[in-house]
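Comments concern the structure below.
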Amino acid sequence: MKAVVFDLDDTLFDHTTSATNAVRSWVTELGVTPTDELIAQWFEIERRSFDAWLAGTLTHQGQRRARLREFLPLLGQPVPATDGEQDETFEFFLGWYRRNWAAFADARPALEVAQSNGWRIGVLTNGSTLQQNAKLEQIGLAELVDVVCTSQSLGYSKPAVQAYHLTCEALGVDPSETLMIGDNLDLDVLGARAAGLTAEHLDRAAGITLGELIRRTG
């Protein structure tokens, strides 16, 4: 191996915990008691809206507005009438989300091991360029990453073969020399393997860690 490419959300960055804490704080701020059901509904709405952005049927800001239009009525809250007002409302959630950004405990040690192996380090994420780079900066991992590729910057989303190939090109390595690690079996493992990369599934529920996957391949 000459390079390793990591997914970001729920691989290096703990999106689920960050977003859960953010929704709980935001909902409480609105005078509503947060429940597990509300949190589950938020993530289901997030998934549908985000998939619509990746498919090109919504803009990135549009998928945020779509989330509000579905979620606020569940709280008994009115949906702001204009796009600008919806954007302002979504900023309250984003503020809480940013305050809760955190890396997984095994993220930095895994990157440091990859670096000590002499590997180039990349991140490939289906997300917006500005926000994903901001996450890496805030959680203290940006300095260890050589290349950050997003679906927005590439024009392709995982599992499109081009997304993996363009990331390898940016790293200056061949797909056959590259390891991909991520939490999503379809996007980070099967898609990467179809593009000619070696890929390992980060199944945290099964107790697997990033360091274990690096050692297994390195």
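Throughout, read-outs are computed from the coordinates displayed, never taken from laboratory work. What you are looking at is a predicted structure, and each value in this text was computed from that prediction instead of being measured. For neighbour counting, all protein chains shown are included, and Cβ atoms are generated from backbone atoms with ideal geometry for every residue, glycine included.
Of all residues in region 119-127, none are in contact with a helix residue (DSSP H, G or I) (Cβ under 7 Å, 6 or more places away or on another chain) and among the aromatic types (Phe, Trp, Tyr).
When Gly155 is tested against (1) under 15 Å from the mean Cα position of the chain (by Cα); (2) under 19 Å from Phe50 (Cα atoms), exactly one condition is not met: (1). Of the residues making up region 137-174, those that are among the aromatic types (Phe, Trp, Tyr) and part of a helix (DSSP H, G or I) number 1. Would you check which residues across region 24-42 are more than 21 Å from the chain's Cα centre (by Cα) and without any contact (Cβ under 8 Å) to a residue 24 or more places away in the chain and list them? Residues satisfying the conditions are Thr28, Gly31, Thr33, Pro34, Thr35, Asp36, Glu37.
Scanning region 31-58 for residues that are farther than 21 Å from Asn184 by Cα and either surrounded by 14 or more Cβ atoms within 10 Å (Cβ to Cβ) or touching a helix residue (DSSP H, G or I) at 6+ places or on another chain (Cβ under 7 Å) (or both) turns up Val32, Pro34, Leu38, Leu58.
Does region 202-209 contain at least one residue that is part of a helix (DSSP H, G or I) and not small (Gly, Ala, Ser)? Scanning region 202-209, I find at least one residue that is part of a helix (DSSP H, G or I) and not small (Gly, Ala, Ser), so the answer is yes. Put simply, of Ala170, Ala110, Ala163 the only residue that is over 22 Å from Glu46 (Cα atoms) and either among the basic types (Lys, Arg) or more than 19 Å from the chain's Cα centre (by Cα) (or both) is Ala170.
Evaluated against (1) closer than 18 Å to His15 by Cα; (2) touching a strand residue (DSSP E or B) at 6+ places or on another chain (Cβ under 7 Å), His201 falls short on exactly one condition, (2). Scanning region 175-195 for residues that are crowded, with 18+ Cβ neighbours inside 10 Å and either under 15 Å from the mean Cα position of the chain (by Cα) or part of a helix (DSSP H, G or I) (or both) yields Pro175, Met180, Ile181, Gly182, Asp183, Asn184, Leu187, Asp188, Val189, Gly191, Ala192. Going by the structure shown, is Cys149 surrounded by 21 or more Cβ atoms within 10 Å (Cβ to Cβ), under 15 Å from the mean Cα position of the chain (by Cα) and not small (Gly, Ala, Ser)? Criteria met by Cys149.
Just wondering, is there one or more residues in region 198-215 that are within 16 Å of the chain's Cα centre (by Cα), of a type outside the set (S, T, N, Q) and within 24 Å of Leu58 (Cβ to Cβ)? So far as region 198-215 goes, no, none of its residues is within 16 Å of the chain's Cα centre (by Cα), of a type outside the set (S, T, N, Q) and within 24 Å of Leu58 (Cβ to Cβ). Of the residues examined, Ala134 is not one that is closer than 24 Å to Asp203 by Cβ and part of a helix (DSSP H, G or I).
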